[in-house]
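Notes follow once the structure below has been shown.
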Amino acid sequence: MKGEFSEQRVEAMMKDISAIIHQLTWVTVPRGEADNVMRSTWAFLLKIHLDGAQSKLKARYYVKEDLQKEGVETCAPVVSWSTIQIILMTVLQEEWTICQVDYDNEFP
């Protein structure tokens, strides 16, 4: 990779790969001749502070969804908007404090 943020991209990629390996969210298996291997890609997100300064560069490794086969289950957990609304209403009613947190990786 060349260009602006190339060193930060490599650092972010290594951080994501380390988290994936540490959390045992995948297993490497030998490829058979008849196996159809799905292509993948990296996505990068540059986080910016309110004053416009760069906060950090995050990287995520994705399998290209358009190549997935029907009937093969994949999971991408996403919270629904109604759940967020219920939580915020509860916070208001109970007069709790809300804090923002930025996790490096989604898995526990």
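The values are calculated or read from the model by the stated rules, or taken from the named source; none is laboratory data. If you're wondering where the values come from, they're calculated on a predicted model, not measured in any experiment. Neighbour counts are summed over all protein chains in view; Cβ atoms, including those assigned to glycine, are modelled from backbone coordinates with ideal geometry.
Points worth noting:
- Note on segment 1-24: among residues that are of a type in the set (Asp, Glu) and surrounded by 11 or more Cβ atoms within 10 Å (Cβ to Cβ), the one that is farthest from Lys64 (Cα to Cα) is Glu11.
- Qualifying positions in segment 25-51 - modelled with pLDDT under 80 and exposed (fewer than 10 other Cβ atoms within 10 Å of the Cβ): Trp26, Val27, Thr28, Val29, Ala34, Asp35, Asn36, Val37, Arg39
- Subset of segment 52-97 (residues that are aliphatic (A, V, I, L, M), in contact with a strand residue (DSSP E or B) (Cβ under 6 Å, 6 or more places away or on another chain) and either at pLDDT below 80 or exposed (fewer than 10 other Cβ atoms within 10 Å of the Cβ) (or both)): Val63
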